[in-house]
Every structure is written in structure tokens, then in C-alpha cells.
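Step one of this worksheet: look at the structure below.
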Amino acid sequence: MTVYFPEIDKIVYEGPKSGNPLAFSYYDPQKVVGDKTMEEHLRFSMAYWHTLTGQGVDMFGSASIQRPWEQFSDPMEAAKARACAAFEFMEKMQIPYYCFHDVDAAPEGATLKETLANLDQIAETLKDLMAKTGKKLLWGTANLFSHPRFMHGAATSPSADVFAYAAARVKKALEITKELGGENYVFWGGREGYETLLNTDLKLELDNLARFLHMAVDYAQEIGFTGQFLIEPKPKEPTKHQYDFDVATVVGFLKTYDLDQHFKINIEANHATLAGHTFQHELRLARINGVLGSVDANQGDKLLGWDTDQFPTNIYTTTLAMYEILQNGGLAPGGLNFDAKVRRGSHEAVDLFYAHIAGMDAFARGLEAAHSLLLSGELEEFIAERYASYTSGVGEQIVKGQVGLKELGAYALEHDQITLPSGRQELLESILNRHILQA
Ligand code: XLS
Ligand code: CA
Ligand code: CA
């Protein structure tokens with residue numbers, strides 16, 4: 001079998017003092033943090049699209065990246081070579097999971113029939129490689145946004161034929177995900193949104209999106225796919241207004257359409273910031289609603305207003321993310337999928353390794369800092385104290401629903417001289433810093 005990364009050996013943990021850029025400084029898969037190993041906590045996954053098929057293309061320039069596994073005139077040959085490169089990469093990086101869109105794995109054919117046959121064939125290749133390497137599928141999905149047929153949406157297209165076509169692709173993607181033992185299945189809205197209400201039947205589009213998702217749930221039951229369904233929110237890009245804007249919007253949508261018992265949420269850091277939220281905000285909101293399912297681990301650039309999908313290197317962010325994930329009891333069956341791409345200028349194969357090492361180390365360090373923060377209980381103690389007025393007296397009565405405006409009105413007349421303690425934000429920020437620096 002062709003070796004695609006001959007100069008690179010397996011990346012191993014050497015510790016923070018090593019200085020070897022092709023080694024982990026913090027990610028030590030077997031190291032136990034609390035009740036699990038780092039590997040069990042972090043459940044890292046490689047994104048097939050960015051890592052294997054990303055070419056550094058942007059609005060102003062053509063491909064800056066040429067991967068040897070893509071250099072075949074027959075697209076099926078390229079797809080097989082790509083699969084081999086993917087598994088070699090995962091093995092060398094010690095990444096246990098991967099995620100893919102149908103078209104990342106196999107090329108579209110001239111007809112839908114051909115496309116589906118290509119997928120079946122590549123699924124066999126993937127299955128063999130998974131059996132040989134022990135790598136696992138975190139989630140599968142269908143790309144319902146790249147081809148021009150999806151220019152007006154897929155499940156929310158004004159064309160019923162496009163709706164049907166999209167259904168056929170999701171049907172096959174679900175079958176393949178099941179066949180490969182996928183632990184989740186993701187719906188990211190793609191072009192499910194609109195540019196202008198002047199040409200849009202908003203109500204029909206939202207109803208159709210819900211119909212589509214119900215069909216997927218029914219089909220999964222029919223074929224015995226037991227993986228977790230996930231919706232991935234994003235506020236904009238490619239459409240001006242995406243229907244699955246953020247966690248709050250998705251929670252409302254799922255409840256409105258009676259889908260809440262079937263779906264959890266896949267939260268991407270860069271999508272959170274595009275929605276004007278912190279990553280932690282989205283994780284917290286999902287967690288308290290019981291729908292934190294999985295994470296697309298990346299980061300945006302606050303100076304740029306689009307989805308830059310950079311590798312996550314900000315340890316503040318990874319610490320606060322792991323703080324939520326630990327309190328969620330972990331992510332399983334979800335994981336941390338690097339939906340992240342190397343920059344256009346980072347065009348050499350070795351950059352893929354540097355990038356994933358940076359992301360894995362940032363999350364490993366974040367895990368340790370978050371664990372130390374939780375173990376100390378400093379934030380939780382402060383918060384408990386801050387809200388202590390709800391554990392007795394009138395506060396307890398409010399929480400238990402024992403009082404209304406009448407009773408509270410009478411109470412307030414007697415208690416209108418109120419003194420409030422400090423919120424201590426700066427102190428808490430220095431506590432966070434201490435755990436990040438010392439964990
Ligand atoms: C695009 C999305 C996409 C999903 C999977 O912005 O992040 O890559 O994760 O379709
Ligand atoms: Ca994503
Ligand atoms: Ca993204």
C-alpha cells in the first residue's frame with residue numbers, strides 16, 4: 001500500500017519540555033484525568049473534508065494545496081487513495097474517530113444511481129480499513145449544499161424534486177453510516193435558509209425541514225440505525241439567514257415540531273462566535289437543555305466575520321469548553337471533531353500534523369485546567385453563595401411556586417431596602433487564570 005506520509009512516524013506524547021514539534025506536549029492518551037483517560041474524555045475525530053480534500057481554495061485564488069492522493073484521473077481511484085491516506089493519518093496522529101460527508105468519500109456520478117453505487121463501493125473500502133486499524137466513525141452526513149441543484153436549499157428548496165433528491169441522499173448516507181457503525185448522524189443546514197423574504201415561503205420551508213427530519217428519524221428506526229441524531233447550528237453562510245441559527249433557535253424548532261426527543265446538538269465553536277455568542281454560551285445552553293451531543297472543534301477569528309474554521313489553539317476557550325463538557329458527563333456518543341482546516345499558506349503535508357497536534361494539545365491542556373477548576377469547586381461555591389437567597393425564605397417560595405405577585409408585593413413593601421454583594425468578576429477571572437497556568 002502506498003505510504004502518503006513517509007517522513008512522519010507515529011506522534012507520541014513527549015511532555016511539555018520536549019520541544020519536538022512532531023510530538024504531543026499535553027495530549028497523553030492513557031493519562032487518567034478524574035474518572036477517565038484523556039482518550040476517553042476527548043474522543044478526537046478527523047474531518048475527512050478539510051484534512052483530505054481541502055485545497056486551500058478561497059474567493060481570490062485557486063488551489064494552493066496538491067495532495068498526492070488526489071492526483072488520479074479516475075475519481076474512484078482518488079477516492080480509494082484518499083481513504084488510505086485518511087487511515088494512515090489517523091493512525092499516525094492517534095485519532096480514534098473520523099467524520100465524513102457522502103461526497104468527501106466518493107465522487108458524484110453522472111446520475112443519482114451512479115452516485116449511490118460509488119458510495120456503496122467506497123463504504124466497503126472504508127469498512128476494510130476500519131477493521132484493519134480499529135478506527136471508528138463518529139458521524140456521517142450528506143452534503144446537500146455544494147452542487148448547484150441545492151442552490152435554493154435541499155429540504156427547504158421550493159422544488160419538490162430537489163426535496164426528493166435530498167431524501168435519497170440522506171437515505172443512502174444513513175445506510176452507510178449504519179453499515180460503518182457510525183455513532184451519530186449530523187444534519188448541518190447547508191443551504192437551508194434564505195436570502196430574501198420577497199421570494200420565500202418561510203412557513204412552508206420550516207414545515208418541510210421538519211418533515212424531512214421526521215422522515216430521517218422514521219427511516220433510521222426502520223433500518224435499525226441506533227446512532228444519535230444531531231443538528232448543527234450556524235447563523236449565516238452560505239445563506240444570509242440560516243434556519244438553524246443557534247442553540248436557542250434549534251431547541252425551539254425541535255420542540256415546535258415534536259423532534260426534541262430524537263435530536264441533540266452538534267456545536268461548532270466558529271458557528272457560535274458567528275452567532276454573536278461565546279462557544280461556552282452555546283455549550284452551556286445545550287447542556288442545561290439536555291441536548292449537548294457533540295462538538296466541532298475549531299475557532300474563528302474575531303477580526304474576520306466569516307467561518308474561518310481554524311484549528312483550536314486558544315487555551316482559555318478549550319478550558320471553558322471542557323468545563324462544560326465535564327459537567328455534561330462527557331460527550332459520548334459524541335466527540336471532538338476537528339472541523340478545521342490548515343491556512344491556505346500552510347500547504348505542506350506536515351502542516352496537517354502540526355495543526356492537529358496544536359488542537360489536540362490545546363484540548364488536553366484545557367481538559368486538565370477544567371478538571372482542576374472543577375475539583376477546587378471555587379466557581380461553584382461562589383455561584384451557590386450568589387444564589388443562596390433562593391434556598392430559603394421568600395426565594396425558596398418563589399422556586400417552589402408557592403407565591404405570586406400578590407404575596408411578593410406584600411413582602412417587598414416590608415423589604416425594600418436591598419443591599420447586594422459584589423459579582424467578583426475579576427477575582428473569578430484570576431481564579432480561572434490560576435487553574436489554566438497551574439493545572
Ligand atoms: C459548515 C459545517 C459543515 C458541517 C457538516 O460550516 O461546519 O462542515 O459540520 O456538514
Ligand atoms: Ca461543522
Ligand atoms: Ca464551520
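What is the magnitude of the charge dipole of the chain about its Cα centre, with +1 placed on the Cβ of each Lys and Arg, -1 on the Cβ of each Asp and Glu, and no other charges, expressed in debye to the nearest 20?
Using Cβ point charges on Lys, Arg, Asp and Glu, the chain gives about 160 debye.
Over the chain, average the accessible area per residue using a 1.4 Å probe and give it in Å², no decimals.
The answer is 48 Å² per residue.
Give the relative contact order (percent, whole number) for the stretch 215-356; include only Cα pairs under 8 Å separated by 6+ residues.
20 percent
Which of the listed residues, G409, G366, T196, is farthest toward the dipole's positive end in the chain, when Lys, Arg count +1 and Asp, Glu count -1 at the beta-carbon?
G366
List the trypsin sites (Lys or Arg not before Pro) within the stretch 1-53 that DSSP assigns to loop and that have no more than 11 neighbouring Cβ atoms inside 10 Å.
K10, K17
For the chain, what does the helix formula give at 222 nm: sum of -39500 (n - 2.57) over DSSP H segments with n ≥ 4, over the residue count, nearest 500 deg cm²/dmol?
Theoretical 222 nm ellipticity from helices: -14500 deg cm²/dmol.
Please list, or write none, the aspartates and glutamates whose alpha carbon is within less than 14 Å of the alpha carbon of K171, excluding same-chain residues fewer than 8 places away.
Partners found: D102, D120, E179, D218, E222.
For S146, what accessible surface area do you get with a 1.4 Å probe? Give it in Å², rounded to 10.
80 Å²
Note down the relative contact order for the chain as a percent, whole number, built from C-alpha pairs under 8 angstrom at least six residues apart.
After rounding, I find 15 percent.
Return the subset of K135/K264; K113/K136; K132/K234; K172/K341 for which the Cα-Cα distance in this structure is over 31 Å, preserving the input order. Don't skip to the answer; put the middle values down first.
Details: K135/K264 24 Å; K113/K136 27 Å; K132/K234 36 Å; K172/K341 27 Å.
Correct reply: K132/K234.
Find the relative contact order for the stretch 153-229 and round it to a whole percent, using C-alpha pairs within less than 8 Å whose residues are 6+ positions apart.
Once normalised by length, the contact order is 47 percent.
Using a probe of 1.4 angstrom, how much of the accessible area of the chain is carbon and sulfur, in percent?
Ligands and nucleic acids excluded, carbon and sulfur reach 54 percent.
Applying the Karplus parametrisation 6.51 cos²θ - 1.76 cosθ + 1.60 with θ = phi - 60° to the phi angles of the stretch 280-288, what ³J(HN,Hα) value in whole Hz is obtained for each residue in order, glycine and proline being reported as x?
The phi angles translate into 4, 4, 5, 5, 5, 4, 5, 4, 6 Hz.
With +1 assigned to the C-beta of every Lys and Arg and -1 to the C-beta of every Asp and Glu, and no other charges, what is the dipole magnitude of the stretch 115-262 about the Cα centre in debye, to the nearest 20?
Working: 16 positive and 20 negative charges, 71 e Å.
Value, rounded to 20: 340 debye.
The values are calculated or read from the model by the stated rules, or taken from the named source; none is laboratory data. Bear in mind that the values here come from a model prediction, so they are computed numbers and not experimental data. Quick reminder, even Gly has a Cβ in these numbers, built from the backbone with ideal geometry, and neighbours come from all protein chains shown. Side chains are part of the model used for accessible areas, which takes the heavy atoms of the whole protein and leaves out ligands, DNA and RNA. Shrake-Rupley method; radii C 1.70, N 1.55, O 1.52, S 1.80 Å.
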